[in-house]
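Notes follow the structure.
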Amino acid sequence: MSKDLVSAYTNSFHAKYAEMQLPSLLGSDIFNKSINSLYNDNLQISESFSRTLNHINDLKIKTESYSLVPDFNDVSNRTTKEILFDACANVKILTSKVSMHLNSEFRNNLFIQIDRVHEPKSWNQDDEPVNQLSFNSFLRWYLLNTPEQGPGIGLSPLGNLVAAWMVGRDRLIIEFLPKDKTKWLISRYYNDEKERGSGQTSISRLSAVLSPYNVDTFFKEKD
Amino acid sequence: MDIPEDDNVIRYIEYKFLLRDDKGVTLGLLPQAFELRDIDNGKLSISWLEYCNEVTHQKNIDSSVKTFRKVINNHSNNCGYGIGKVKTIKEVGSLFGTGKINIVHSPSKKNKAHSSIIRIPNNDWDFMAALAEDAFLELILDSNIP
């Protein structure tokens, strides 16, 4: 399967197909080599796709080479309010690096939600603010999947970003872990009987893993 | 002391653990609302609703919420509360067989109704989801309590 996809990447006639399959290869050596060969061969992929690839790759490289995560051990001179402000600011800066690929309404809504879950007045001192590496995983997943319907945003006690969608009684919850990992949980009703599935996988495999559950219903924009 | 199976318990849910849509409308509880932290010592902290001994279920809720407002540091009215029947919680727990979970009264200085869910699977994602979806079936928003 992977070799077929690599061929697709190196064949300009199949560049569109490669775009569609991108999530399954993201982050792999095959992916990186294929992208390089695309550039080296000067193949004809759309300019917008090319820009998106550059920014997604850039997002990964930047956060691997340095981290904006505040040093939470260094609390001597910082108040909780400052720590929370810094954590929010860091993920907003990260988002700004790819803001050209994000719907402005989604971006504004995301920032509002991030601020709300970091409300200093209600902050539990034992919890961690949003982990930038987790947020990075979320952003990379979002850029590759671009759901029409934005998620409700929550946080785990360890600061992992939690994205949630609910349609009727059905719900999809994804906790984004550092380094492109996720934990997912889906509950769906079929003939009034609940079926629940859960697991852990990478952002590149998530769409494939969730495909039996017809998750598109969560991602379609609500009327 | 075990809490009677027909009684209810209430858990304080921080804003970030409430399941919301992208517009901020609260729809339910996230599994993360039941994630154990190191300071929890393997017990989920709850409060025994009927301990308040008020005349109605709603008045027990009102009384419990007033206690939470007093005892929780950084309490804010954007939080919520999950309420579940003891029997249902135990039934849900029995599906995740790492030992029989129990719900016991464990009063604290500040909250005489304080109780704990004990012998729970440690941060089992499915168990946490089952608590959120199938056990704590009643959701109360702090802003709706006078």
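Read the figures in this text as sums done on the coordinates, not as results from a lab. Note that the structure is predicted; figures quoted are calculated from it, not measured. Virtual Cβ from ideal backbone geometry, glycine too; neighbours counted across all protein chains shown.
Structural remarks
- Peptides A:123-134, A:81-92, B:52-63 ordered by packing proxy, namely the average of other Cβ atoms within 10 Å per residue, highest first: A:123-134, A:81-92, B:52-63.
- Footprinting exposure proxy for B:Thr67, A:Thr182, A:Thr80 (fewest neighbouring C-beta atoms within 10 Å first): A:Thr80, B:Thr67, A:Thr182
- Projected area, mean over directions - chain B, Cα convex hull, nm²: 8.5
- At 0.692 mPa s and 37 °C, Stokes D of segment A:67-219 from Kirkwood alpha-carbon radius, µm² per second: 201
- Between the amide H of B:Asn123 and those of B:Leu36, distances stay under 5 Å, these residues lying 5 or more places away or on another chain, with hydrogens modeled in the peptide plane.
- For segment B:8-144, the relative contact order works out to 34 percent when only alpha carbon pairs closer than 8 Å and six or more residues apart are counted.
- Burial ordering of A:Tyr190, A:Tyr213, B:Tyr81, fewest other beta-carbon atoms within 10 Å first: A:Tyr190, A:Tyr213, B:Tyr81
- For B:Leu19, residues with placed amide H under 5 Å, excluding near neighbours: B:Leu27, B:Gly28, B:Leu29, B:Leu30
- Cβ neighbours within 10 Å from other chains - mean over A:157-165: 4
- Restricting segment A:169-223 to GluC sites (Glu not before Pro) that sit in a DSSP loop and have at most 13 other Cβ atoms within 10 Å of their own Cβ leaves A:Glu221.
- Take each residue in B:114-126, count the other chain C-beta atoms within 10 Å of its C-beta, and the mean is 1.
- Taken residue by residue and averaged, Cβ atoms of other chains lying within 10 Å of the Cβ of A:110-122 number 4.
- Alpha carbon centroid spacing (whole Å) that separates segment A:199-221 from segment B:60-120: 33
- Order of A:Met100, A:Met166 under a 10 Å beta carbon neighbour criterion, fewest first: A:Met100, A:Met166
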